[in-house]
Amino acid sequence: MDRVDLHVHTLASDGAYSPSEVVREAVAKGLVAIAITDHDTTAGVDEALEAAKGTDLEVVPGIELSAELGSEEVHILGYYLDHHDQALQQKLDVLRRARHDRARKMVERLAALGMPLQWEQVAAIAADSSAFGRPHIAQALQQKGYVDSTGEAFARYIGLGGPAHVSRYKLTPVAAVEIISKAKGLSVLAHPWGQEHVLPELVEAGLVGLEAYYGGYSIEQRETLLQLAHKYNLVATGGSDFHGYAGGISTGVGDVPVPAEWVRRLSMLATNRGHEGSSHH
Ligand code: AMP
Ligand code: ZN
Ligand code: FE
Ligand code: FE
């Protein structure tokens, strides 16, 4: 079966590998397509497209936007978006500035809790990423020996409700779908388990898919999500949510088998919307 992986992070956000390394891995595993879906940035997309030239791998330009509904985190994946769109980049810039300010605030809170970190240390871990994320802070805490694992950092300090947790920029899921639509992208609800209740509103706003294949989901969960996709006439996509660091989400690239049929359906939707669709090699 041809396989794809439509949910992959890189060094451009909080992943541990460069876009080129991720592409190399996907090619080695014989995947037919991957989507680069970094948090609030498309900075890794062009490198991945370049690295895939001359291979049989299709790289789908993508993004994962972090939104909130009440106290619930809702992540919206965007595919086949025009990642050079100026309005899109301006909006993403706002989101990333907020991530930077938030990371600084979390470092302040940690200091007040008796766990001082050097900002330079956090910045070095984030390296080329302009999309600061809690995993960068978790790694800094681990390096300093305040926690034994990044998971412990989330559980004790920086997870939702934790003493050093600071909220992100307030973006509603509907606003996230609209940002993606304006950049001619297709929106998909990421890791949607337990979030069916947001579907009617999101479908109304233009959502085209939901992530039914996901690392950590059982066969039963997947079946339920496939039925849900059918009910709302949504494309069932999926991916590994590969980050590449130990202690976090550790599924490898392509390790969640997603039938290639779904990327074909997405790419057909993209083409029908008058987009260029994918770049086949
Ligand atoms: P942020 O975008 O800063 O809110 O951070 C969210 C990211 O943190 C997710 O995309 C995951 O990569 C990671 N993450 C979330 N929960 C955990 C956890 N319990 N342990 C390790 N990593 C986590
Ligand atoms: Zn992440
Ligand atoms: Fe996510
Ligand atoms: Fe993700």
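Tabulated values for the structure
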read-out: Residue check, GLY162 touching a helix residue (DSSP H, G or I) at 6+ places or on another chain (Cβ under 8 Å), of a type outside the set (A, V, I, L, M) and within 16 Å of ligand 1 (Cβ to nearest atom); value: yes
read-out: In region 160-174, residue farthest from GLY78 (Cα to Cα) [restricted to those that are at pLDDT below 95 and loosely packed, with under 15 Cβ neighbours inside 10 Å]; value: GLY161
read-out: Count of residues meeting criterion [of a type in the set (D, E, K, R) and more than 10 Å from ligand 1 (Cβ to nearest atom)] in region 132-149; value: 2
read-out: Test: residue in region 183-199 that is more than 14 Å from ligand 4 (Cβ to nearest atom), among the hydroxyl-bearing types (Ser, Thr, Tyr) and under 17 Å from HIS39 (Cα atoms); value: yes
read-out: Flag for GLU50 being within 16 Å of ligand 4 (Cβ to nearest atom) and more than 13 Å from the chain's Cα centre (by Cα); value: no
read-out: Criterion: touching a helix residue (DSSP H, G or I) at 6+ places or on another chain (Cβ under 6 Å) and closer than 30 Å to GLN118 by Cα - qualifying residue of LEU92, LEU65; value: LEU65
read-out: Subset of region 143-158 (residues that are within 16 Å of ligand 2 (Cβ to nearest atom), farther than 15 Å from LYS105 by Cβ and at pLDDT 95 or above); value: ALA153, PHE154
read-out: Residues located in region 46-86, provided they are loosely packed, with under 14 Cβ neighbours inside 10 Å and under 30 Å from HIS197 (Cα atoms); value: GLY70, SER71, GLU72
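The values are calculated or read from the model by the stated rules, or taken from the named source; none is laboratory data. Just so you know, these numbers come straight off a predicted model, no measurement behind them. FYI the Cβ positions are ideal-geometry reconstructions off the backbone, even for glycines, and counts take in every protein chain you see.
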